[in-house]
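Below: the structure, in structure tokens.
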Amino acid sequence: MNRKFVEDLLTSIEDETTKKEIIDKVMKKNGELIEKNKKEIDTLKNDLKVKEGVIEDLNSKIKANADIDIEAIKKEEFEKGKAEGSKEIETFKKNASLENALKNTKAKDIEIIKNMLKADELKYEEKDGKYEVSGLDEQIKTIKESHGYLFEEEKKEDNPAVKTGGDHNNTGKPNEVTSLTGALHAKYD
């Protein structure tokens with residue numbers, strides 16, 4: 001809208017001062033609306049540029065990712081999971097073998113003994129799908145010497161120094177008395 005257009009609309013008003021005031025007010029209001037619209041347009045243009053930049057960035061990422069082989073990634077992750085699972089199974093087998101070996105040591109608490117062992121000195125050898133533990137006997141011997149209370153006491157024979165062998169109650173001679181009751185009967189019969 002321009003000033004001449006408004007003046008032509010107001011030809012019916014004869015007072016030039018009133019006419020000029022009306023035209024000034026209309027032009028001022030029109031100018032305010034134009035400035036407001038310019039600001040909105042500038043904001044929208046900036047938003048559009050930002051969005052276009054985001055779209056370009058996403059398109060370039062799509063192009064870069066178009067060459068990725070999803071099946072190869074799936075296969076790689078599957079193999080990685082399979083290897084990790086195999087390690088877990090191997091660790092489980094080794095722990096089970098160690099626990100079985102520790103049961104034979106007559107330990108009162110296997111977990112305590114297990115925590116006292118130096119894992120790096122233990123060697124595992126797989127035979128027929130089972131692991132044999134080596135290096136354990138030496139460590140158990142050391143632990144028994146320093147912490148014997150963690151193990152059940154081994155039963156000692158009554159008098160291992162005196163072993164004559166054989167059955168000494170029966171001499172094999174007929175009519176021989178082999179008990180006190182038998183001797184009393186023999187004497188007083």
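Checked against the criterion of being of a type outside the set (Asp, Glu), assigned by TED's automatic domain parsing to the domain that holds Glu125 and assigned to a helix (DSSP H, G or I), the candidates Asn37, Asn30, Asn95 yield just one match: Asn95.
Among the residues making up the stretch 78-133, those that are among the small types (Gly, Ala, Ser) and either surrounded by 13 or more Cβ atoms within 10 Å (Cβ to Cβ) or within 23 Å of the chain's Cα centre (by Cα) (or both) are Gly81, Ala83, Gly85, Ser86, Ala96, Ser97, Ala101, Ala107, Ala119.
Looking at the stretch 47-57, is at least one residue in a helix (DSSP H, G or I) and surrounded by 11 or more Cβ atoms within 10 Å (Cβ to Cβ)?
From the stretch 47-57, those in a helix (DSSP H, G or I) are 47-57; that's our starting set.
Right, trim to surrounded by 11 or more Cβ atoms within 10 Å (Cβ to Cβ) and you get none.
Scanning the stretch 47-57, I find no residue that is in a helix (DSSP H, G or I) and surrounded by 11 or more Cβ atoms within 10 Å (Cβ to Cβ), so the answer is no.
Taking the stretch 14-62 as the range and being hydroxyl-bearing (Ser, Thr, Tyr) and farther than 29 Å from Arg3 by Cα as the test, only Ser60 passes.
The values are calculated or read from the model by the stated rules, or taken from the named source; none is laboratory data. Everything quoted here is computed from the prediction, not taken from an experiment. Cβ sites come from the backbone with ideal geometry, for glycine too, and all protein chains shown count toward neighbours.
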